[in-house]
Amino acid sequence: MQLRSVSDGIDPATTSGRLMLNMLATLAEYERELIVERVNAGIAAARKGGTRFGRPLSDPVVIADKLRIVTEARAKGRTAEEAARLEDGAPSVTFPDACPVGGPRVINVQRLRLLRELSFLGTISAVADSMGLTRPVVSQQLSQLEKDTGLVLVERAGRTVRLTGAGIRLVEQSHEVFESLERIDAEIAVTKNSISGDIRISVFPSFSATVLPTAMALLRGSHSQLRSTWSNTSRLKPSLTSWPNVRMLRYWTTFPIRIPATKQFFYQPLFAGDFYVVMSEQHPYRKLDTVPLAHLASEDWALNRSARIYHTSIVDACLGEGFRPNITCDCKDTTTVLQMIRAGLAISVLPGLALIGRHTGLIVRPLDLALRREVLFATLKGRANHPAILECFRAMRSSYARCVQPGLQGFADSQSTEHPFDPDSTAN
């Protein structure tokens, strides 16, 4: 049998073809030797810099601690397999309702966490990204969890996976486990009588420009050991592992959006406010104390389309008054909206929070319509009573009272309902 490369014109049956193959083989061997030299040079440089290769050295203290755990477990009557699971690097819990004859079944909490993430994210790839693992590791750990429980928890559905009935029930039961772990962490913080550590805050843009700076300054001034970081976001991320400690959510009470109805989240009202009609200084409606929404049917509008829920809520409110707004300035941010209004090109309806410190050269009048927005302080339920979370809530309420309420008084009438909620109230 002979082989010939048609596309490259190489025929081993000819002299030139054999020459070409020998030259390619020589070049490949040369390149391989260069790769080996580079790798060896890199290894030598790494060793010179103090890098150790091979398996890490065993820590005698860790080994002794593992042996102690296994010995105690065996003394309590557990099998060697169950004892080994207790020291595999992650805490375990027992589920008496799923016990074999010999006693409670031990389930690894980290594997249980992966199953819970899968129930929220839907794909193994998303779970791997969320947890900082590879797909094979996630699949392996889920398979081991099935062996631990003796149940089929996950099944293939085309290119995706889904939880079986047993998997769904196990995830529902696991919520109490993880909530308990969060409460334990909160109790430890209370016992230490110190507020420290890291707190991640996720907010929407107008909140970060008004309430957040003073709130973070208050936290830093009162609790120097508490490190706070924040980011802007516009949606509720489904992953529980990557969920921030605190997230600010917007909720339109007249045209409500769907707040996730789950047992895992705790919602605390922070404050609520009315919407305002914003117009240029020459607009004829500047003489009105309040502006009915129906009066704006013939006006040119400027709206921020990047805030999807806000945009939809305003359009729905207009439709409820019998007209569709004529949006001539379809902007990507509130700053552009305000500039269009100053130029006399349009009017708009905005929440008071978006107008703090930005209404120079504008006329702001209360909207004669019960369109209100609540800002919710959201966290995982198990974290709700953590001292750092409570201090963050108090700082944000104080910042709102100091920085936002005085600014609203300049253009809100006596009927304004912008106010902080009772901190002792709850919303789930």
Given the options I363, N326, Q409, identify the residue whose Cα lies farthest towards the positive end of the charge dipole of the stretch 314-415 (+1 on Cβ of Lys, Arg; -1 on Cβ of Asp, Glu). Q409
Using the Karplus equation 6.51 cos²θ - 1.76 cosθ + 1.60 (θ = phi - 60°), what ³J(HN,Hα) coupling, rounded to whole Hz, does each residue of the stretch 174-183 give in order, writing x for Gly and Pro? 6, 4, 5, 4, 6, 5, 5, 4, 5, 5
Accessible carbon and sulfur surface of the stretch 149-231 relative to its total accessible area, %, 1.4 Å: 52 percent
Packing-wise, with mean Cβ within 10 Å as the measure, how do 184-197, 305-318, 364-377 rank, highest first? 364-377, 305-318, 184-197
Considering only DSSP beta bridges whose two residues both sit in the stretch 256-353, what percent are antiparallel, to the nearest 5? 40 percent
Once amide H atoms are built 1.01 Å from N in the peptide plane, which residues 5 or more positions from E321, or in another chain, come under 5 Å H to H? none
The answer for the net charge of residues other than V246 whose Cβ lies under 11 angstrom from its Cβ, with Lys and Arg +1 and Asp and Glu -1, is +2
Taking the highest mean first, how do the peptides 18-27, 144-153 order by number of other beta carbon atoms within 10 angstrom per residue? 144-153, 18-27
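For the peptides 273-284, 109-120, what is the packing order when you average, over each peptide's residues, the other Cβ atoms within 10 Å and list the highest mean first?
Taking the mean over residues of other Cβ atoms within 10 Å, the ranking is 109-120, 273-284.
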Summed over the other residues with a beta carbon less than 14 angstrom from that of I43, with K and R at +1 and D and E at -1, the charge totals +3
Taking 1 over the mean of 1/r across every pair of different Cα atoms in the stretch 297-397, what Kirkwood radius in Å do you get? 15.8 Å
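The values are calculated or read from the model by the stated rules, or taken from the named source; none is laboratory data. Quick caveat: nothing in here was measured; it's all calculated off a predicted structure. When we count neighbours, we look across all protein chains shown, and the Cβ atoms used for this are built from the backbone with ideal geometry, even at glycine. In case anyone asks, the SASA skips ligands and DNA or RNA and just uses the protein heavy atoms, side chains included. Shrake-Rupley method; radii C 1.70, N 1.55, O 1.52, S 1.80 Å.
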